[in-house]
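Here the structure is laid out as structure tokens; the discussion comes afterwards.
Laboratory data are not the source of any read-out in this text; all were calculated from the coordinates shown. All figures in this text were calculated on a predicted structure; none of them were measured in a lab. Heads up, the Cβs are rebuilt from the backbone with ideal geometry, glycines too, and the neighbour counts pull from every protein chain shown.
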Amino acid sequence: MNKKNIIGGSLLILFAIVIGSTLAWWTWSTSNNEQTNIVVTVGGASISYEDGENINNNNLIPTSTKEKGISKDITISSTGTVYLDLNMNIVSLDDNLKEESFKYEIYKGNDLVRSGNFADKNVGDNISLLNGLKINSTPVTYTLYIWIDGNMSNPNTMYNQNFEFILNANATDENPGLRTLQKLGLEVSTETPDFNYYSPTGEGVFSAEDDYGISYYFRGDVENNYVKFADYYWRIVRINGDGSIRMIYDGTVAHANGESSNDRDIGAYHFNSTAGDAAYVGYMMGIDNECAYNQYCTSVTKTTSYEQATTNTYDSTMKETLDSWYEENIVDKEYNNYIADIIYCNDREINLNYGTSLGYGKNRTGYMGMYRTDHRLPKLSCTNKNDAFTVENEDKGNGDLTYPIGLITADEVVFAGAVSNFKSYLRIGRTFYTMTPYAIDNDPGDIILYTVNINGVMASVYHTGNASLFVRPVISLRSDIELIGSGTLNDPWVVQ
């Protein structure tokens, strides 16, 4: 029998702020109906907590709204620019509380930043609430909610079980991406490459802005971006602006640049099993595939608006493929806690200078990836939040992913120098997909996406989405993961 249950528990708040070498800890608790304001200041960063109700009063109950559970306002400001991470560590969590109805959400005003539940959480897990948040003298307030959703079934076994969480934060005045780059012992070039030309031999690391700050990308036939993780080899594409490390799959053994091998991808698949509608350029879309997984057919159902085509309701064939691979090779092998929840951009912004500009049905439509690539104007930010795929991070992303995995973008390929010559670490001797749409043709409505061809450059003949092409997953290691090694083929970085 299921019913709404009274849950006994406590939330111990332990807040740490780290700036440079300074470390300070604060602990406190509240009794029933007591309000406590805590303000801490270290190295110019100020964080204020306003305690909500029902923290230590052992009467957390299923409620109709999150506001009736645990709530905590967190106000942050700084005398100078700093970057803040806020995490919630699980100290204890009874197995009987591992239910989807036991939830958390953090908001900035009315905007949901991140959400999740404790069904798959374990003691020792560190849940990221805010990551690489850039703060200054203008105060910004976030509200954290933890509650039992009374609109869902709550089994009797949840009754009178305990939990303990610790909030911890660190702040630094260093650029998070640069901090990661320096930890790896790498230097960034002060020049800006000319994207009209292929990368010359060597090249190196350069910078560009992304959705999180300043990103540092690898360009050319570099030989210092090898990583071994989860029993596979990877190549670093870039250091994301939040300091996490974005990398592309590169095989079961380490390969030299330009080496052709059938283990440098996870196999050949369709991007979508169906064509005939603009929706199918999407990593997710508003109508489902109409034929079997990794088969091919033309859709009977047509979308009737751009909004319908780009609604993230159904998984693409590519997303199903990557989710299955991730579950088997990352989740099942217990590597999931190493992975950052970061944006993977499936840019469906319409190019108004091409086709009908409608973006639905079989209407001939071009996308902005076409414009940027043709004009060699790449960018690392994602224009529309709806196209910025994340799992739980809904501050900058859409929160629609099952797992934090995607593909490389056409913009990242241009940044890597793979535009008209094979001098790039991306060359594997096989044609593989990006997740950047190019266009949809009028008839028969083929979807067209960018690829990297057998020579390791952006394909000059664009491959339609019904093609079965090779797949190279992209994931990001968390910024706080320590790596050892030198990043070379014989001495790749590995998780310490």
Rounded to whole Hz and in sequence order, give me ³J(HN,Hα) for the stretch 271-278 from the Karplus expression 6.51 cos²θ - 1.76 cosθ + 1.60, θ = phi - 60°, writing x for Gly and Pro.
-> 6, 9, 7, 10, 10, x, 7, 4
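Hey, got the dipole for the stretch 176-496? About the Cα centre, +1 on K and R Cβ, -1 on D and E Cβ, debye to the nearest 20? Walk me through the numbers before you get to the answer.
Numbers: 24 positive and 43 negative charges, 142 e Å.
With only Lys, Arg, Asp and Glu charged at Cβ, the dipole is about 680 debye.
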Which of rounded, prolate, oblate describes the stretch 176-496, given a ≥ b ≥ c as roots of the alpha-carbon gyration tensor eigenvalues and a/c under 1.5 marking rounded, otherwise prolate only if a/b is larger than b/c?
-> prolate
Amide H contacts under 5 Å for Asp400, placed H, 5+ residues apart = Thr390
Looking at the stretch 352-403, which trypsin sites (Lys or Arg not before Pro) are DSSP coil and have at most 15 other C-beta atoms within 10 Å of their C-beta?
-> Arg376
Within 10 Å of each residue's Cβ, count the other Cβ atoms and sort Glu412, Glu100 from fewest upward.
-> Glu100, Glu412
